[in-house]
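One structure is given below, encoded as structure tokens.
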Amino acid sequence: MSAQPTPVQYTNRRAHYDYELLERFEAGIALTGSEIKSIRASGVDFRDAFATFDGRNLTLEGLYVPPYKEATYNNHEPRRKRQLLLNRSELIRIRKALEAKGLTVVPTRMYFKGPFAKIEIAIARGKKLYDKRRAEAEKTVRKELREL
């Protein structure tokens, strides 16, 4: 038996620190061929990435996918808007949440499900500084308890 290759997965650890994640969704993402190859080879940068509505479609902005070295003249733009693929009921729930004050949609994880790239997005509320400090203190306490 041959060993299964480990699935390519990227996590936005900063989202867990900066935001309180309320509800998560799995979405497909419309990518070009050079973007898929670049993601498999070198990864993505979630810094400054967020989702907004562009008409009736949810688009992901600010996601950095490095240019693919082997691509020719039709290489992709690294920070272009990418359409997220969700069903209508999920889009309606996200739109209603975005209309509420103080909520945003951030990507939390990217992975491959078979040949398709999927992205996990979350409806999130920004944490205040004191919330971040409290979370950091709780993390330290849990770490000390594990060491005992």
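State all residues of segment 94-138 that are among the basic types (Lys, Arg) and under 24 Å from Asp45 (Cβ atoms); if no residue qualifies, say none.
Arg109, Lys113, Lys118, Arg125, Lys127, Lys132
What tally of residues in segment 114-138 results from selecting those that are among the charged types (D, E, K, R), out of contact with any strand residue (DSSP E or B) (no Cβ under 9 Å at 6 or more places or on another chain) and either exposed (fewer than 11 other Cβ atoms within 10 Å of the Cβ) or closer than 28 Å to Leu63 by Cα (or both)?
Within segment 114-138, residues that are among the charged types (D, E, K, R), out of contact with any strand residue (DSSP E or B) (no Cβ under 9 Å at 6 or more places or on another chain) and either exposed (fewer than 11 other Cβ atoms within 10 Å of the Cβ) or closer than 28 Å to Leu63 by Cα (or both) number 5.
Tell me which of these Thr59 doesn't satisfy, since it passes every other one: (1) in contact with a strand residue (DSSP E or B) (Cβ under 8 Å, 6 or more places away or on another chain); (2) over 14 Å from Ile123 (Cβ atoms); (3) modelled with pLDDT of 90 or more; (4) assigned to a helix (DSSP H, G or I).
Every listed condition holds for Thr59 apart from (4).
Looking only at segment 48-64, how many residues end up being surrounded by fewer than 13 Cβ atoms within 10 Å (Cβ to Cβ) and either under 11 Å from Arg79 (Cα atoms) or aliphatic (A, V, I, L, M) (or both)?
Number of matching residues: 1.
What are the residues in segment 41-90 that are aliphatic (A, V, I, L, M) and either under 16 Å from Met110 (Cβ atoms) or within 15 Å of the chain's Cα centre (by Cα) (or both), if any?
Ala41, Val44, Ala49, Ala51, Leu58, Leu60, Leu63, Val65, Leu84, Leu85, Leu86
Of (1) at pLDDT 90 or above; (2) on the phi > 0 side of the Ramachandran plot, Phe25 satisfies all except one. Which?
The one condition Phe25 does not meet is (2).
Condition first: in contact with a helix residue (DSSP H, G or I) (Cβ under 7 Å, 6 or more places away or on another chain), over 20 Å from Arg14 (Cβ atoms) and small (Gly, Ala, Ser). Can you find one or more residues in segment 123-136 that meet it?
Among the residues of segment 123-136, not one is in contact with a helix residue (DSSP H, G or I) (Cβ under 7 Å, 6 or more places away or on another chain), over 20 Å from Arg14 (Cβ atoms) and small (Gly, Ala, Ser), which makes the answer no.
So, in segment 8-28, of the ones that are assigned to a strand (DSSP E or B), in contact with a helix residue (DSSP H, G or I) (Cβ under 9 Å, 6 or more places away or on another chain) and not acidic (Asp, Glu), which residue ends up surrounded by the most Cβ atoms within 10 Å (Cβ to Cβ)?
Across segment 8-28, the extreme among qualifying residues is Ala27.
In the list Leu91, Leu84, which residue meets the criterion of being surrounded by fewer than 19 Cβ atoms within 10 Å (Cβ to Cβ) and either at pLDDT below 90 or of a type in the set (A, V, I, L, M, F, W, C) (or both)?
Result: Leu91 is the single residue among Leu91, Leu84 that is surrounded by fewer than 19 Cβ atoms within 10 Å (Cβ to Cβ) and either at pLDDT below 90 or of a type in the set (A, V, I, L, M, F, W, C) (or both).
The values are calculated or read from the model by the stated rules, or taken from the named source; none is laboratory data. The shown structure was predicted, so the numbers you read here are calculated from the model rather than taken from an experiment. Quick reminder, even Gly has a Cβ in these numbers, built from the backbone with ideal geometry, and neighbours come from all protein chains shown.
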